[in-house]
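Written below as structure tokens is the structure these notes are about.
FYI, it's all coordinate maths here, none of it is from the lab. Fair warning: this is a prediction, and the values are worked out from it, not measured in the lab. Glycine also receives a Cβ, built like all others from the backbone with ideal geometry; neighbour counts cover every protein chain displayed.
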Amino acid sequence: MSKNQHDRAHHAKKASGVGDPQCFRGEAGQAKFKNGDKVRIRDLPDIFYTRCQVYTRGAVGRITKVVYESPAAEDEAWDNTDHPEWFYSVVFRQHELWPDYPASYKNDTLETEFSERWLEQA
Amino acid sequence: MPSPSRSALMRHFDLVGQLQPAYHQPQHAPYPDAIDHAKYRALLRSSHDVGGEPDVPIEWEEKEEEQWEANTFATCECLAWRGVWSAEERRRRQNVDVGETQYLALPYYGRWLLSAARIIVDKQYVTLTELVNKIDEVKSRYEQKSAR
């Protein structure tokens with residue numbers, strides 16, 4: 001895409017005076033999940049770019065917060081903001097992620113964010 | 001797409017670890033039948049997603065921010081204010097598009113600076129010819145100065 005065909009300031013114009021991700025509020029539709037839902041991380045192809053850590057794929061966690069609406073990293077990394085999604089904060093038991101995690105720390109958890117496309121009901 | 005089994009994922013990390021420079025294995029110019037699905041996935045992964053991969057500890061040193069690093073940060077922010085890239089596009093370019101070797105081997109702000117140069121060429125704000133000529137000009141000016 002050459003600069004002549006694309007308004008490179010579109011994101012700045014939209015967020016100006018409002019903030020990001022606030023400028024995407026109301027654009028993602030109904031949230032598919034809610035607080036407390038058990039979810040499994042999907043294994044979508046991760047070619048070219050993603051911020052969904054590979055070590056979370058297939059692991060089961062619990063949603064602690066429905067955080068905001070925003071374009072997914074996979075879209076925004078090419079300056080596309082057309083399809084905002086809900087983002088969720090998900091907490092995992094460390095032992096769920098790392099088989100060798102010491103049993104004496106069985107209450108340890110890890111919390112991280114995902115856009116909706118990466119989650120399925122568990 | 002179904003979820004992966006967790007044990008397949010742990011095998012993935014082992015394989016990726018072997019592809020890193022420190023654990024080199026022969027892999028140049030493979031014939032197509034040398035690439036199975038597991039190896040294809042390991043090769044195609046995003047270079048910044050290192051969580052879970054085996055590696056040696058990195059020594060941490062306290063250091064002051066250098067002037068070129070502050071200048072690089074300011075330049076990259078200006079490119080964002082002018083709509084040349086968003087933070088996510090910048091991260092994609094400096095953490096993934098640079099490739100495995102540069103991601104691991106260049107200093108943090110070195111990757112920022114390289115990506116800033118790359119995007120102004122990619123998006124046709126300057127041509128590579130103009131950039132190369134400018135680097136050459138600055139280089140010879142600097143060499144003349146330091147010769148004195």
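Give the shape of the protein assembly as shown as rounded, prolate or oblate, defined through the alpha-carbon gyration tensor: a ≥ b ≥ c are the square roots of its eigenvalues, a/c under 1.5 means rounded, and otherwise the shape is prolate if a/b is larger than b/c and oblate if not. The shape class here is oblate.
For the segment B:87-96, counting C-beta atoms of other chains within 10 Å of every residue's C-beta and taking the mean gives 5.
Residues of A:37-50, mean number of Cβ from any other protein chain within 10 Å of their own Cβ, rounded to a whole number?
Mean partner-chain Cβ count within 10 Å for A:37-50: 4.
When Rg and the Kirkwood Rh are both derived from Cα coordinates, the Rg/Rh ratio for the stretch B:67-147 amounts to 1.00. Mean per-residue shielding of peptide B:112-124 is 1, counting Cβ atoms of other chains within 10 Å of each Cβ. Treating each Cα of chain B as one equal point scatterer and applying the Debye formula with no solvent, the log10 of I(q)/I(0) at q = 0.19, 0.20, 0.21 Å⁻¹ comes out as -1.23, -1.27, -1.32. Computed over the alpha-carbon atoms, the stretch A:77-119 gives an Rg to Rh ratio of 1.20, Rh here being the Kirkwood radius from the mean inverse distance. For the stretch B:46-59, backbone phi angles converted through the Karplus equation (6.51, -1.76, 1.60; θ = phi - 60°) give residue-by-residue couplings of 6, 5, 7, 8, 8, x, x, 7, x, 7, 8, x, 9, 6 Hz, Gly and Pro being listed as x.
Going highest first, how would you order B:77-90, A:33-46, B:127-140 by mean Cβ packing within 10 Å?
B:77-90, A:33-46, B:127-140
Extending 7 Å from the Cα toward the beta-carbon at both B:L15 and B:L131 defines two label points whose distance is 3.3 nm. With equal scatterers on the alpha carbons only and no solvent term, can you work out the Debye log10 of I(q)/I(0) for the stretch A:51-100 at 0.18, 0.25 1/Å? Reported log10 I(q)/I(0), two decimals: -0.69, -0.97. You can think of it this way: the chain between B:A38 and B:C78 has 10.3 nm of extra reach, that is 0.36 nm per residue less the Cα-Cα gap.
The simple Förster model, with R0 at 25 Å and r as the Cβ-Cβ distance, assigns B:K63 and B:Q102 a FRET efficiency of 0.75. For chain A, the equivalent ellipsoid built from the Cα gyration tensor has semi-axes of 32, 16, 12 Å, listed from largest to smallest. The A:D7 and B:S146 beta-carbon pair, evaluated with R₀ = 51 Å, returns a calculated FRET efficiency of approximately 0.70. Contact order, relative form, for chain A: 26 percent (alpha carbon pairs under 8 Å, 6 or more residues apart, mean separation divided by residue count). List every DSSP H helix in chain B whose Cα atoms extend 18 Å or more along the helix's own long axis and whose mean Kyte-Doolittle hydropathy is at least -1.0. Membrane-span-like by this criterion, though nothing is claimed about a membrane: B:6-19, B:67-81, B:108-122, B:128-147.
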